[in-house]
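Remarks on the structure that follows.
Bear in mind these aren't lab numbers, they're just calculated from the coordinates by the rules spelled out. On a predicted model such as this, the values are computed, not experimentally measured, just so you know. When we count neighbours, we look across all protein chains shown, and the Cβ atoms used for this are built from the backbone with ideal geometry, even at glycine.
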Amino acid sequence: MKTYENTGSKDTRSGFGAGMTELGRTNPNVVSLCADLIGSLKIQTFIDENPERFFQIGIAEANMMGIAAGLTIGGKIPFTGTFANFSTGRVYDQIRQSIAYSDKNVKICASHAGLTLGEDGATHQILEDIGLMKMLPGMTVINTCDFNQTKAATIAIADHVGPVYLRFGRPVVPNFTPANQTFEIGKAVQLQEGNDVTIVATGHLVWEALEATKVLHAQGITADVIDIHTIKPLDAEAILASVKKTGCVVTAEEHNYLGGLGESVARELSQSLPTPQEFVATQDTFGESGTPAQLMEKYGLNADAIVKAAQKVMTRK
């Protein structure tokens, strides 16, 4: 079994900030818009080095989306930044009408996604944003797992023509993917190889999936672990190739089981290869206030939940 080392825990939002710093130095068309959350988005270095390419919109997220759409007409590549809840639910009409319908080259960058926003509670957490965004025609949806991958994704989406939703988080999490990685939109990354069960994970649940494989391995169970950083377009080929071998699948995400990664996988399987599947996700509920670790434990979004789901789904082969 391949092992992965935590090279130093970091928050994924800092990976976004590092990516923006690099883009500020290498791509003159990249501009940044923020809804009064410079510190939370970790973009101060970009602003210091490129003050003429930064727009502080204030707490006016709908206006930010409209301005971003307009900036694309002049050839700019706008990156908007605020919490995931305010990047999607609050401004869905503006995204749909001004960005997605017009196929504008806007990068919607959303921090503090999922339950791990933590103590700010249910009003600031969002567990339905992936579903909201993946249903928009032409929208690319990316959910990264650590600092390095978030930095690489931030840089990569600047070269992608079309609207993108980039989702990342607040808490400090293990940093384990390569620092020099090439991020390929729409291409899954296989982290472990096994024969008994496929575990398809995204975001913060990727590390939890790797931790789960250690427990499963001790029980004589080997798992394919696939990091799905791009939920749309989904790498169906990689998923189907794995499931043909293992005969069952667990999907794991920090999102409602309705509308998220799990449903995308289930749709592909139903059309091509009906397969037993278990969902590790929130169960059609809002979150609540608590530390990230407490919430992940309570809502069953951790390695232990993945182990139990793997054990259960294997009985359904």
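Mean projection of the alpha-carbon convex hull of the stretch 176-219 over all orientations, in nm²?
3.7
Any idea what the relative contact order of the chain is, in percent, if you count C-alpha pairs under 8 Å spaced at least 6 apart?
18
Take V161, project a point 7 Å from its Cα along the Cβ direction, then tell me which residues of the stretch 90-123 have their backbone nitrogen under 12 Å from it.
Inside the label zone: 105.
If N is the number of residues in the chain, what value comes out of its Cα radius of gyration divided by 2.2 N^0.38 Å?
0.95
How far, in nm, would the chain grow between T315 and T26 when pulled straight, counting 0.36 nm per residue and subtracting the alpha carbon separation?
98.9 nm
Considering Cα pairs under 8 angstrom that are at least six residues apart, work out the relative contact order of the stretch 189-314 and quote it in whole percent.
Computed value for the stretch 189-314: 30 percent relative contact order.
Among all the lysines, which ones have a C-alpha under 30 Å from K107's C-alpha, if same-chain residues fewer than 8 places away are not counted?
K10, K42, K76, K134, K151, K187, K232
Round to the nearest 0.05 the FRET efficiency obtained for F286 and K244 when R0 = 51 Å and r is the Cβ-Cβ distance.
0.85
Need the full-extension length gain, K308 to Q97, defined as separation in residues times 0.36 nm minus the C-alpha distance. One decimal, nm.
Using 0.36 nm per residue and subtracting the Cα-Cα distance, I get 71.7 nm.
Please state the charge dipole magnitude for the chain, taken about the Cα centre, from unit charges on C-beta atoms (+1 on K and R, -1 on D and E), reported in debye and rounded to the nearest 20.
The calculation lands at about 420 debye.
Relative contact order of the stretch 10-173, please, whole-number percent, based on alpha carbon pairs below 8 angstrom and at least 6 residues apart.
31
Under a crude label model (7 Å from the Cα following the beta-carbon direction), how far is A293 from K187 in nanometres?
3.7
Where nothing but the Cβ of Lys and Arg (+1) and of Asp and Glu (-1) is charged, how large is the charge dipole of the stretch 81-221 around its Cα centre, in debye to the nearest 20?
360
Would you work out if the stretch 189-314 is rounded, prolate or oblate? Take a ≥ b ≥ c from the square roots of the eigenvalues of the alpha-carbon gyration tensor; rounded if a/c is under 1.5, else prolate when a/b is larger than b/c, oblate otherwise.
Oblate is the answer for the stretch 189-314, as a/c is 1.5 or above yet b/c matches or exceeds a/b.
Taking N as the number of residues in the stretch 242-284, what value does Rg over Cα atoms divided by 2.2 N^0.38 Å take?
Expressed relative to 2.2 N^0.38 Å, the Cα Rg reads 1.11.
Please report the net charge: other residues with Cβ closer than 14 Å to the Cβ of P178, K and R +1, D and E -1.
-2
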